[in-house]
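Notes follow once the structure below has been shown.
The values are calculated or read from the model by the stated rules, or taken from the named source; none is laboratory data. All of these numbers come straight from a predicted model, not from anything done at the bench. As a convention, Cβ positions derive from the backbone with ideal geometry for all residues, glycine included, and neighbour counts pool all protein chains shown. Areas reflect the complete protein model, heavy atoms only, side chains present, ligands, DNA and RNA absent. Shrake-Rupley method; radii C 1.70, N 1.55, O 1.52, S 1.80 Å.
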Amino acid sequence: MSVIKKLRIQIIAVIVLVQMILVAGILLTVDYCLARHEIVRSRHYLEIIAENGGVPPLPDRRVHKGNFVSKKPWLAIGSDDSFFPLQISVDKDEMRNFFSVKITPDGVIGDVIKNYSFDLMPSDISKFVGKVLAECRARGGGCYPGKTVEGTFDGILFYMKVNDDGSRIISAMNRRVEIMMLYYLVRFSVVVFVASMVVAMVFAFFLSGFVIRPTRVAFEKQKAFIADAGHELKTPIAVIGANLDVLAPDMPGNRWLSYIREENERMSHLVKNLLYLAKDDAGRNKINFAEFDFTDAVRNSVLPFESTIFEEKKRLELGIREGLRFVGDEQQIKQVVVILVDNAVKNSEEGSTVRISAVAEKDKIILRVFNTGHGIKSEDLDKIFRRFYRSDSSRARKTGGYGLGLAIARTIAAVHKGTLTVDSKFGEWAEFTLTLPMKKGRKKSFFGK
């Protein structure tokens, strides 16, 4: 995935995340405030009924609540410190589906006030009263004069007041309809949230394209410059190589010619790598997918290093499973193996071990290149795949690296829908793991190309 695509995805993620937090905060706040307001409103209404002897006050009666005195025939249903202090007129249209029960000091139901329809039978009311009295006793201290108890049973909100003579008044309200409405409100909020996320994603998609346009233009110019510079350098490098071949017979053993040839080859390799990365960024790399023998490809790639490893007194271990087959670009896979093995040889000392293994696990081929030696610092594990990054510049100059090999290897792995990772213990060992799926295809992006 290119840098521009990653940047665009990050912009989209930030926009959607901010939208998600804002919308979720607003919806949760509204739902909570409405639910709390409804509960507070109902509780105060039941409290007023209980204080009024089990019946709602008349419309022309003044209601004193704290420091608030209504000057009109209204009822204070919100408290002074509630988020939604509210007054509603006391008439039949505003009455809730309630009932009141007067209980004698002996605990006998004396009277049931039920001016409006209620879906509870007398037997149900008796059971309900029993639960309320049991709750009063369970809260400690018994039902002593002046005590109030409130709560909810089966969607019915109740408020009980114990009078000075020991009698009790219970006012109750059926809140099942209100609870159902709040439930639908929550469902509606979820729908609004999901819809807003979809809108946010669409908006973020187009906005991100507009925001990164200058960056995209600059990045395209940079890639074009690298590609053009690479092509321009190929000709003088080829000319220098040809002139060296002409001069070599006339100047045998000339060390200056050897230095020039060595640097010319290094420059040629650098230009080749730059052109490969530039073509990959532009999506112009030709990939020839075909089935090939993965086992033979790895062995043939390792073979040229055997003499070097032997001369440097290092130990080579091979553990490559027979019969591995893979669908992909054979030359590119070989290039990855060469890059990893070359990296292992250059970053190991005399007496070190270089181990190459390849196995099949489920539907994947896993290639591991391990070496003892210098290892990689933990802070460099995510950086070594960057272009031109070298964790040890002095060693890179000694071994002739430019910091492009691992970037190319990871690019090739991504083209084959695979991954290239590294693990290491600094000063002891390092291991690169190439994981390839046994399927053909190139990664496709949501943004195209």
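Tally the residues that are in a strand (DSSP E or B), open to solvent by less than 60 Å² (accessible area, probe 1.4 Å), aliphatic (A, V, I, L, M) and within 21 Å of ALA430 (Cβ to Cβ), restricting the search to segment 316-350. I'd like the intermediate steps shown before the answer.
Taking segment 316-350 as the starting set, the residues that turn out to be in a strand (DSSP E or B) are 316-320, 325-328.
Checking the rest, the ones that are also open to solvent by less than 60 Å² (accessible area, probe 1.4 Å) come to 316, 319-320, 326-328.
Then keep just the ones that are aliphatic (A, V, I, L, M); that gives 316, 320, 327.
Checking which are within 21 Å of ALA430 (Cβ to Cβ) leaves us with 316, 320.
Final tally of qualifying residues: 2.
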Cross-chain or 6+ apart pairs with Cβ under 9 Å, segment 261-278 first and under 20 Å from VAL415 (Cβ atoms) and open to solvent by 70 Å² or more (accessible area, probe 1.4 Å), then among the aromatic types (Phe, Trp, Tyr) and at pLDDT 80 or above:
none
Looking across segment 112-131 at residues that are modelled with pLDDT of 75 or more and of a type outside the set (D, E, K, R), the single one that is nearest to ILE156 (Cα to Cα) is PHE128
Given the conditions (1) modelled with pLDDT of 90 or more; (2) in contact with a helix residue (DSSP H, G or I) (Cβ under 7 Å, 6 or more places away or on another chain), and given that PHE370 satisfies all but one, which numbered condition is not satisfied?
(2)
Determine which single condition VAL246 fails, assuming it passes every other condition in (1) surrounded by fewer than 11 Cβ atoms within 10 Å (Cβ to Cβ); (2) under 30 Å from VAL14 (Cβ atoms).
(2)
Determine whether segment 60-70 contains at least one residue that is open to solvent by 60 Å² or more (accessible area, probe 1.4 Å) and at pLDDT 60 or above.
no
Which pairs do you get when a residue that is free of Cβ contacts under 8 Å to residues at least 60 places away in the same chain and closer than 19 Å to VAL336 by Cα, found in segment 421-440, comes within reach of a residue that is surrounded by 13 or more Cβ atoms within 10 Å (Cβ to Cβ) and hydroxyl-bearing (Ser, Thr, Tyr), reach meaning Cβ atoms under 6 angstrom, with the pair 6+ apart or on two chains?
THR421/THR433
Do you know which residues across segment 156-192 are part of a helix (DSSP H, G or I) and touching a Leu at 6+ places or on another chain (Cβ under 6 Å)?
SER189
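Tell me yes or no: at least one residue of segment 351-361 is at pLDDT 90 or above, surrounded by 20 or more Cβ atoms within 10 Å (Cβ to Cβ) and in contact with a Phe, Trp or Tyr (Cβ under 6 Å, 6 or more places away or on another chain).
Taking segment 351-361 as the starting set, the residues that turn out to be at pLDDT 90 or above are 352-360.
Next, only the ones that are surrounded by 20 or more Cβ atoms within 10 Å (Cβ to Cβ) stay: 354, 356, 358.
Next, only the ones that are in contact with a Phe, Trp or Tyr (Cβ under 6 Å, 6 or more places away or on another chain) stay: none.
Checked against the condition, which is being at pLDDT 90 or above, surrounded by 20 or more Cβ atoms within 10 Å (Cβ to Cβ) and in contact with a Phe, Trp or Tyr (Cβ under 6 Å, 6 or more places away or on another chain), segment 351-361 yields no hits at all.
Open to solvent by 40 Å² or more (accessible area, probe 1.4 Å), β-branched (Val, Ile, Thr) and within 30 Å of ASP124 (Cα to Cα): which single residue out of VAL199, VAL194, VAL211, VAL177 fits that description? Outline the logic, then answer.
Values: VAL199 fails: within 30 Å of ASP124 (Cα to Cα); VAL194 fails: within 30 Å of ASP124 (Cα to Cα); VAL211 fails: within 30 Å of ASP124 (Cα to Cα).
Sole residue among the options that is open to solvent by 40 Å² or more (accessible area, probe 1.4 Å), β-branched (Val, Ile, Thr) and within 30 Å of ASP124 (Cα to Cα): VAL177.
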Please count how many residues of segment 286-303 are in contact (Cβ under 8 Å) with a residue 12 or more places away in the chain, exposed (fewer than 15 other Cβ atoms within 10 Å of the Cβ) and in a helix (DSSP H, G or I).
1
So which residues in segment 149-180 are of a type in the set (S, T, N, Q) and either closer than 15 Å to ARG41 by Cβ or free of Cβ contacts under 8 Å to residues at least 60 places away in the same chain (or both)?
THR152, ASN163, SER171, ASN174
For TYR144, only one of the following conditions fails: (1) open to solvent by 80 Å² or more (accessible area, probe 1.4 Å); (2) modelled with pLDDT of 85 or more; (3) among the hydroxyl-bearing types (Ser, Thr, Tyr). What is its number?
(2)
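Can you find even one residue in segment 217-226 that is in contact (Cβ under 8 Å) with a residue 60 or more places away in the chain, open to solvent by less than 50 Å² (accessible area, probe 1.4 Å) and out of contact with any strand residue (DSSP E or B) (no Cβ under 9 Å at 6 or more places or on another chain)? Spell out how you get there, then give the answer.
Residues of segment 217-226 in contact (Cβ under 8 Å) with a residue 60 or more places away in the chain: 219.
If we keep only those that are open to solvent by less than 50 Å² (accessible area, probe 1.4 Å) too, we end up with 219.
This time we only want the ones that are out of contact with any strand residue (DSSP E or B) (no Cβ under 9 Å at 6 or more places or on another chain), so: 219.
Yes, there is a match, as at least one residue in segment 217-226 is in contact (Cβ under 8 Å) with a residue 60 or more places away in the chain, open to solvent by less than 50 Å² (accessible area, probe 1.4 Å) and out of contact with any strand residue (DSSP E or B) (no Cβ under 9 Å at 6 or more places or on another chain).
Here's the yes/no breakdown for (1) under 12 Å from PHE99 (Cα atoms); (2) aromatic (Phe, Trp, Tyr); (3) touching a helix residue (DSSP H, G or I) at 6+ places or on another chain (Cβ under 8 Å):
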{"position": "GLY130", "(1), (2), (3)": "no, no, no"}
{"position": "ALA134", "(1), (2), (3)": "no, no, no"}
{"position": "ARG139", "(1), (2), (3)": "no, no, no"}
{"position": "GLY146", "(1), (2), (3)": "no, no, no"}
{"position": "TYR159", "(1), (2), (3)": "yes, yes, yes"}
{"position": "ILE170", "(1), (2), (3)": "yes, no, yes"}
{"position": "ARG176", "(1), (2), (3)": "no, no, no"}
{"position": "MET181", "(1), (2), (3)": "no, no, no"}
{"position": "LEU185", "(1), (2), (3)": "no, no, yes"}
Does any residue in segment 324-338 that is within 13 Å of ASN300 (Cβ to Cβ) and of a type in the set (Asp, Glu) come within less than 9 Å, Cβ to Cβ, of a residue that is assigned to a helix (DSSP H, G or I) and open to solvent by less than 10 Å² (accessible area, probe 1.4 Å) six or more places away or on a different chain, and which pairs are these?
GLU330/PHE294; GLU330/ALA297
